[in-house]
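Structure, as structure tokens:
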Amino acid sequence: MLTKAPRGTKDLFGDEMNAWLEMEKIIRDLCKDFGYGEIRTPVFEHTELFQRGVGETTDIVQKEMYTFQDKKGRSITLKPEGTAGAVRAYLEQKLYAGIQPTRLYYITPAFRYEKPQAGRMRQFHQFGIELLGSDSPTADAEVITVAYELLKRVGISKVKLHINSLGGPECRKKYNEKLKEYLKDNLDHLCETCRDRFERNPLRILDCKTESCKKIVSDAPTVLDVLGDECRAHFEKVKALLDEMGIPYIIDPGIVRGLDYYTKTVFEFISTDIGAQGTICGGGRYNNLVEELGGQPTPAVGFAVGLERLLLVIEAENGKKTYPVTKDIFIGSIGDAALLKAHSLIYQLRQAGVTAEGDHFNKSVKAQMKYADKIGAKYSMIIGDDEINNGKAILKNMETKEEREVHLDELVTTMKSIL
Ligand code: ATP
Ligand code: MG
């Protein structure tokens with residue numbers, strides 16, 4: 001137990017960590033280009049926030065949350081997603097009083113008690129954005145372009161955008177009745193969860209992963225059939241914008257999303273490369289959430305990308321990347337005085353942004369040079385008493401084996417000029 005991390009969690013280090021850092025750098029640059037500012041909210045919130053914000057009838061709230069009591073008996077939950085916390089902060093910090101729309105992004109761990117498998121973890125990570133304050137289809141399209149551009153920048157092409165509209169509360173009510181009418185004869189053939197959903201939230205049956213349920217709903221009427229005029233026009237505008245921007249999409253009435261708060265546009269980016277857990281990004285418009293959490297009615301739209309899955313897709317398309325270790329210079333030493341000098345030079349070089357290393361094991365010169373090779377040092381230098389007395393030493397290019405004499409007090413400038 002002591003040396004085993006909890007099921008569904010993972011240590012990130014080495015090359016995999018480098019791949020994460022590269023991915024996160026692309027995300028941060030992307031958000032800067034699109035005008036989204038980072039927000040970091042707590043990893044835990046009051047349980048009620050997620051009950052309200054994610055929705056009582058969702059899988060997340062019903063079975064996946066890490067909920068516990070703190071020492072004062074408050075019910076606390078580790079965030080299962082990023083939107084509820086971001087919207088809570090938007091209200092608490094009065095971000096609505098600033099220039100509108102509000103554009104936020106986050107990169108955060110998220111926690112769900114699920115059955116761990118490829119692309120499904122108990123602690124995973126999401127990159128998400130939220131655009132709050134506008135109901136315009138241009139906002140929906142903008143949010144979609146951010147996800148689309150991300151996929152382009154990380155170098156993957158075999159991911160498809162699926163879009164749908166769930167309409168507003170009116171359309172949803174009408175649709176739920178129509179769907180129930182269609183399903184009522186097949187009720188016995190639905191899975192237990194879906195039989196429960198039939199009364200509480202029939203729309204979610206469309207999202208069921210059980211084969212028998214999938215078959216039953218494959219011919220069901222779609223929300224698109226019952227959209228009211230305003231929602232229909234909104235959806236048409238979103239599509240027209242995507243067409244104009246040259247972003248391909250598939251209209252997919254099966255996209256209903258796992259969270260209760262969605263209205264109008266919903267979308268997913270789906271990969272066929274990584275098996276069953278193919279949805280790497282899910283999002284849409286959530287015009288009722290801000291009000292649900294106690295704010296003024298505020299339209300909003302956003303998405304969340306699962307970063308573990310994104311990395312799986314990147315690696316499926318482009319292979320695993322390796323990140324060779326390299327250092328600019330290794331400075332070895334012989335004797336006590338030289339050891340001091342070497343480490344002081346190393347510190348000077350590092351301050352100037354030159355990656356330098358020395359010996360920490362009291363190794364022989366031969367072993368020190370072997371180490372220099374191992375860490376991919378571009379240059380090396382060995383200092384002894386003579387070098388200290390003369391203030392000069394030999395700098396060796398490890399690749400060409402070329403040698404040159406350098407004044408020790410000019411080492412930093414020399415290195416900066418030759419690198
Ligand atoms: P799924 O249907 O696969 O359970 P979801 O609808 O529950 O996904 P969302 O709540 O929309 O997922 O979360 C957004 C994204 O976060 C997903 O598209 C996915 O990439 C990622 N994600 C969700 N749950 C997990 C998990 N347990 N492990 C890893 N990634 C996850
Ligand atoms: Mg899920």
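The values are calculated or read from the model by the stated rules, or taken from the named source; none is laboratory data. Computed from a predicted model, the values in this text were never measured in an experiment. Using ideal geometry, Cβ is built from the backbone for each residue, glycine included, and neighbour counts are taken over all protein chains shown. All accessible areas refer to the heavy atoms of the entire protein, side chains included, with ligands and DNA or RNA removed. Shrake-Rupley method; radii C 1.70, N 1.55, O 1.52, S 1.80 Å.
Pairs of Cα atoms under 8 Å, at least six residues apart: use those to get the relative contact order of segment 326-419, whole percent.
Working: 141 pairs, mean separation 29.9, N = 94.
Answer for segment 326-419 is 32 percent.
Could you check the simple spin-label distance between Leu91 and Glu402, using points 7 Å along Cα→Cβ, in nm with one decimal?
The modelled label-to-label distance comes out at 6.6 nm.
Report, in order of residue number, the helices in the chain meeting two criteria: a C-alpha extent of 15 Å or more along the helix axis, and a mean Kyte-Doolittle hydropathy of at least -1.0; treat each whole DSSP H run as one helix.
On the way: long enough: 14-34 (30 Å, -0.50); 137-153 (24 Å, 0.16); 169-183 (20 Å, -1.88); 229-245 (24 Å, -0.61); 307-318 (16 Å, 0.60); 336-351 (23 Å, 0.06).
Long hydrophobic helices here: 14-34, 137-153, 229-245, 307-318, 336-351.
For the chain, the longest stretch holding no GluC sites (Glu not before Pro) located in a DSSP loop with at most 16 other Cβ atoms within 10 Å is which?
Details: sites that count: Glu56, Glu114, Glu399, Glu402.
Free of exposed loop sites, the longest segment is 115-398.
Can you pull the percent of segment 327-418's accessible area that's carbon plus sulfur, 1.4 Å probe, other chains left in place?
On the way: 2640 of 5470 Å².
After summing per-atom areas, the C and S share lands at 48 percent.
Looking at the chain from every direction and averaging, what is the projected area of its Cα convex hull in nm²?
On the way: hull surface 109.4 nm².
Over every viewing direction, the Cα hull of the chain projects on average to 27.3 nm².
Taking the solvent-accessible surface of protein heavy atoms with a 1.4 Å probe, what is the per residue accessible area of the chain in Å²? Please report the intermediate quantities before stating the final value.
Details: 21690 Å² over 419 residues.
Each residue of the chain exposes 52 Å² on average to a 1.4 Å probe.
Taking DSSP loops as anything outside H, G, I, E and B, show the longest stretch in the chain free of trypsin sites (Lys or Arg not before Pro) there with at most 16 other beta carbons within 10 Å. Could the numbers behind the result be given before it?
Values: sites that count: Lys4, Arg7, Lys10, Arg40, Lys71, Lys72, Arg74, Lys94, Lys158, Lys209, Lys320, Lys321, Lys363, Lys401.
The reported range is 210-319.
Hey, if we sort Phe111, Phe269 by accessible area with the 1.4 Å probe, largest down, what's the order? If you can, show how the numbers build up before the last one.
Numbers: Phe111 25, Phe269 0 Å².
Ranking Phe111, Phe269 by accessible area, largest first, yields Phe111, Phe269.
For Glu170 and Glu291, compute 0.36 nm times the residue count separating them, minus their Cα-Cα distance, and round to one decimal in nm. Don't jump to the answer; show the numbers that get you there.
Values: separation 121, 0.36 × 121 = 43.56 nm, distance 1.68 nm.
Once the chain is fully extended between Glu170 and Glu291, it gains 41.9 nm.
Return the single residue from Leu190, Leu339, Leu104 with maximal mean-square fluctuation; model: Gaussian network over the chain, springs between Cα atoms under 10 Å.
The residue that fluctuates most here is Leu339.
Which lysines does Lys416 reach when only Cα atoms under 16 Å apart count, and residues fewer than 8 places away in its own chain are ignored?
Lys327, Lys378, Lys396
With +1 assigned to the C-beta of every Lys and Arg and -1 to the C-beta of every Asp and Glu, and no other charges, what is the dipole magnitude of the chain about the Cα centre in debye, to the nearest 20? Write down the numbers at each step before the final one.
Values: 59 positive and 62 negative charges, 156 e Å.
So the magnitude is around 740 debye.
Taking a ≥ b ≥ c as the square roots of the eigenvalues of the Cα gyration tensor of segment 1-71, is the shape rounded (a/c under 1.5), prolate (a/b larger than b/c) or oblate?
oblate
Which of the chymotrypsin sites (Phe, Trp or Tyr not before Pro) found in segment 297-383 are loop residues per DSSP with 14 or fewer other Cβ atoms within 10 Å of their Cβ? Show your work: numbers first, answer last.
Values: sites: Phe303, Phe330, Tyr347, Phe361, Tyr371, Tyr379; in loops: Phe361.
Taking segment 297-383 and a limit of 14 other Cβ atoms within 10 Å, the loop chymotrypsin sites (Phe, Trp or Tyr not before Pro) found are Phe361.
Taking the Cα centre of the chain as the origin and placing charges on Cβ (Lys, Arg +1; Asp, Glu -1), which of Gly319, Met415, Met65 is farthest toward the positive end of the dipole?
Met65
With a cut-off of 8 Å between alpha carbons and a minimum separation of six or more residues, what is the relative contact order of the chain in percent? Working shown, then result.
On the way: 710 pairs, mean separation 61.4, N = 419.
In percent, rounded to a whole number, it is 15.
If Lys and Arg each add +1 and Asp and Glu each add -1, what is the summed charge of the other residues whose beta carbon sits under 14 Å from the beta carbon of Leu132?
Working: positive: Arg88, Lys94, Arg103, Arg285; negative: Glu92, Glu130, Asp135, Asp140, Glu142, Glu291, Glu292.
With Lys, Arg at +1 and Asp, Glu at -1, the neighbours total -3.
Taking the Cβ-Cβ separation of Thr138 and Lys184 as r and a Förster radius of 56 Å, what is the calculated FRET efficiency to the nearest 0.05? Write out the running numbers ahead of the final one.
Values: r = 40 Å, r/R0 = 0.72.
So, using R0 = 56 Å, E works out to roughly 0.90.
Under a crude label model (7 Å from the Cα following the beta-carbon direction), how far is Phe361 from Ser344 in nanometres?
Label-label distance for Phe361 and Ser344, simple model: 2.7 nm.
Give, rounded to the nearest 20 debye, the magnitude of the charge dipole that segment 327-418 has about its Cα centre when Lys and Arg contribute +1 at Cβ and Asp and Glu contribute -1 at Cβ. Please list the in-between numbers first.
Values: 13 positive and 14 negative charges, 71 e Å.
The dipole magnitude comes to about 340 debye.
Which lysines, if any, have their Cα less than 27 Å from the Cα of Lys115, not counting same-chain residues under 8 positions apart?
Lys4, Lys10, Lys63, Lys79, Lys158, Lys160, Lys209, Lys214, Lys215, Lys320
With runs of 4+ DSSP H residues as the only contributors, calculate the mean residue ellipticity of the chain at 222 nm using -39,500 (n - 2.57) per run, divided by the residue total and rounded to the nearest 500.
Working: 15 runs with 164 residues, N = 419.
It comes out at -12000 deg cm²/dmol, rounded to the nearest 500.
Say each of Lys152 and Ser212 gets a label point 7 Å from the Cα, pointing the same way as Cα to Cβ; how far apart are those two points in nm?
Here the answer is 4.6 nm between the modelled labels.
Hey, got the Cα dimensions of segment 327-418 along the principal axes, in Å, largest first?
Cα spread of segment 327-418 along its principal axes, largest to smallest: 30, 29, 25 Å.
Restricting to bridges with both residues inside segment 327-418, how much of the DSSP beta-bridge set is antiparallel, in percent to the nearest 5? Please report the intermediate quantities before stating the final value.
Numbers: 8 of 16 bridges.
If I count the DSSP bridges inside segment 327-418, around 50 percent turn out antiparallel.
For the chain, build the charge dipole from Cβ charges (+1 Lys, Arg; -1 Asp, Glu) around the Cα centre, then report which of Met369, Ile163, Val143 sits farthest towards its positive end.
Checking the options against the dipole of the chain, the answer is Met369.
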